[in-house]
Structures are given as structure tokens and as C-alpha cells.
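Scroll down for the structure; my scribbles are underneath it.
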């Protein structure tokens, strides 16, 4: 019995000792850690205050028929990364910040190229009187229209907005812009209209002076187009989602004049009007626009004068009555005539129809199933191109699956 007891003690004592030692070690370390002074903040922590990063990408799978002249078409079936944006923002002072956005896109030889989309400093002021919430952008910033429209129609990942799709201009340019609200902010704007941006009680506005070449073009003349948007919210108490907008550009196309060669900078003028109604469950818009030429200065007749164009578009989206309001149906119809006066030819328009079922599963991270079709009149040479008599483009049908990544 004694030998048996001694064996048991011999077996357990070393293990008990180890456990007690570990407990004592843990307690001593914990005690030292509690008594140790808190280390000084990192010298880098100050520089990280107000710093934020954003990622936005459009992953696309498309199949269908691309139009070719003489009523022909070519089948296609491809995965694409149509856009990748990486944004860095920094608040420097309560009234000053900076933004830089890299735009990653695929060029014609298949490689990916990185360029600046935005690079500007932002200055803020409370404003005065009816002109409130003032923001100035100095550098490569937003022009006054497309950012506004894309906050009403959030499905940019499918493709560009009507006037950009037609080839008139793109969304950013080098220059100086100033924007603000009218009469302060609309109370509870997100819940009443479904929109938290451009939330002026009586509307908003944005005016600027720019190179006119767009963010991926070099300025070829010395003209500085004047661009401006004014939006009125006529009944903020009764119909807060109703807005009436006008946008205009006055300048010259981005062409280098040459008196010896008889080359002049053509007109570049835009007039656009849009009515929109936004609600937490649906959005409706209708717009009409006319232009003389485009930003690139390429839409010219044989005498080098800018072509007159006209276009209109209607857009509607509705959230389906399913749990979480994650599913939406939306559709869009575009019409654009690249030669409204029929100087080059008579049949120069196209009509485009888009329909989509979209699942917004988390804060702008979306999966989108789309059908798009474009019908071209006989003399239309394609979106963004000068009409050419007798082109007769074939069918343009696209089945599209888009994944938007947003962080």
C-alpha cells in the first residue's frame, strides 16, 4: 500500500509542480504588463488621421453580336475587367482635403494601363445666405454633370450614362469647379428620397472652368469651356424627390487651330435638361439634350463645322417587394442622332434599350444580369462616330453579367 501511495505521489507531484509554475509565471507576466507604462503613440498615427481608401471595380462577362457594316455582325464571348478604381482621400484640415483616384483599364493591345481619374484638392466652406455647403475642387476634378446623374442612376457599372455613351464628353477634367446647395440641407434626405448626395433643400448647383479635353486627353487649344449645372427642388416639403436640372457647356472642341491649313477649333456647346423623381423604392428620370459637336472636336461636316446633335433618354428602377429590398428591376431607353440637321446623311440615329435585374447584396456590391440592344439607322457609323452614308450596321445585342466590387 505504501509503495502504491508513493508511486502515485511520484506520478502527480511533477505535473502539479509544472502547473503551479505555469500559473505563477502567467501571474507574474500579467502583473508586469499591468504595471508597465503605456507606450507612446506611433509617430505615424498622426499622419494616418483622416486617411481613407476606396476600391471600385467592374467585373464583366458579356456575349452577343457586335455590329459590322453591310448588315453583318460578329459573335463575341468574353470576360473583362472593364474598370478598376483605387481612391485615396486625406483630410488635411477641417476645411481642406485631397483626393487621388487611379483608373485601371484595358487598352487596345490587351494590356492594363493606370491613369489618373481624379487628383484635386478640396476646399470647404459653410457658405452664406442661400448658397450653403460650398465645395471647391482645384485640379483634375468632376465636371458638373455626370457625378450628379450617377448618384441618381447608380448602375454605372453596366455602362456609361446617355450623353457620355453617345460620345459627347467624359466625367472629369482639369480645371476649377465650385458647387454647393441651395438653402441648406434637406432634412432626413436619405429616408425621404433614397438619396444622401446632392441633398440641398431647394436644390444644388455646380459651375466650373476646364481645359475641355477630358481626363484622358491633352489640351490642343487654349480654350477654356464654361460648364455649369443648376438643380431645383421645387417642393421640398410635399415632393422632396422631385428635381429639375439644367446643364450647359459653352466652348470649343479640343482641336489645335492652324490658320495656314484652314483648321479652326469647332463649336462645342451642350444644353441638357432633366426631370427626376427619387424615392427610397423607385427612381424615374427623363432627359433631353442638344449639342454642337463634342469635347474632342471630332464631329464635323466637310467644311469643318460642328455637327448639330440631339438625344433623349428615360430611366426607371424599382425595388422588388422581397425581404431586405435587395433586388431591383431597371430599364433605360436612349435615342441619339449624331447629325440632327442631316448635313452628312439622312438616317444618322441609334436607339438603345437596356433591361436589368440587379441584386445589391451589400452596400453597393452588386450582381447584375443585363440585356442590351441597339438599332442603328443606315447612315450611323456607331456610338461616338461621325455618320457615314450607307454604313448599314448589323445587329448589336449583348447579354451581360456584371459584378461590382465596392469597398
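The values are calculated or read from the model by the stated rules, or taken from the named source; none is laboratory data. A quick note: this is a predicted structure, and the numbers were derived from the prediction, not measured. Don't worry about glycine lacking a Cβ; one is built from the backbone with ideal geometry, like all the others, and counts go over all protein chains shown.
Would you call residue 168 within 30 Å of residue 372 (Cα to Cα), part of a loop (DSSP other than H, G, I, E, B) and at pLDDT 95 or above? So residue 168 fits the description; yes.
Of all the criteria given as (1) more than 28 Å from residue 79 (Cα to Cα); (2) outside any strand (DSSP E or B); (3) within 23 Å of the chain's Cα centre (by Cα), the one not satisfied by residue 314 is (2).
Given the options 394, 324, name the one that is assigned by TED's automatic domain parsing to the domain that holds residue 166 and either in a strand (DSSP E or B) or on the phi > 0 side of the Ramachandran plot (or both). Step through it out loud before you land on a result.
Numbers: 394 fails: either in a strand (DSSP E or B) or on the phi > 0 side of the Ramachandran plot (or both).
One residue alone meets the criteria, 324.
Residue-wise test of (1) surrounded by fewer than 18 Cβ atoms within 10 Å (Cβ to Cβ); (2) over 14 Å from the mean Cα position of the chain (by Cα).
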site: 77; (1), (2): yes, yes
site: 95; (1), (2): yes, yes
site: 108; (1), (2): yes, yes
site: 119; (1), (2): yes, yes
site: 129; (1), (2): yes, yes
site: 132; (1), (2): no, yes
site: 141; (1), (2): no, no
site: 144; (1), (2): no, no
site: 151; (1), (2): yes, no
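Take residue 140 and decide whether it is in contact (Cβ under 8 Å) with a residue 60 or more places away in the chain and assigned by TED's automatic domain parsing to the domain that holds residue 283.
Numbers: in contact (Cβ under 8 Å) with a residue 60 or more places away in the chain: yes; assigned by TED's automatic domain parsing to the domain that holds residue 283: yes.
In short, yes.
Residue 99: part of a strand (DSSP E or B), within 28 Å of residue 45 (Cα to Cα), without any contact (Cβ under 8 Å) to a residue 60 or more places away in the chain and in the same structural domain as residue 352 (by TED's automatic domain parsing), yes or no? For residue 99, the condition - part of a strand (DSSP E or B), within 28 Å of residue 45 (Cα to Cα), without any contact (Cβ under 8 Å) to a residue 60 or more places away in the chain and in the same structural domain as residue 352 (by TED's automatic domain parsing) - is met. Determine, yes or no, whether residue 375 is in the same structural domain as residue 251 (by TED's automatic domain parsing), part of a strand (DSSP E or B) and in contact (Cβ under 8 Å) with a residue 40 or more places away in the chain. Spelling it out, it is not the case that residue 375 is in the same structural domain as residue 251 (by TED's automatic domain parsing), part of a strand (DSSP E or B) and in contact (Cβ under 8 Å) with a residue 40 or more places away in the chain.
Would you be able to say whether some residue in region 321-337 is in contact (Cβ under 8 Å) with a residue 12 or more places away in the chain and in contact with a helix residue (DSSP H, G or I) (Cβ under 6 Å, 6 or more places away or on another chain)?
Yes.
The sole residue among 171, 196 that is surrounded by fewer than 21 Cβ atoms within 10 Å (Cβ to Cβ), within 16 Å of the chain's Cα centre (by Cα) and over 21 Å from residue 121 (Cα atoms) is 196.
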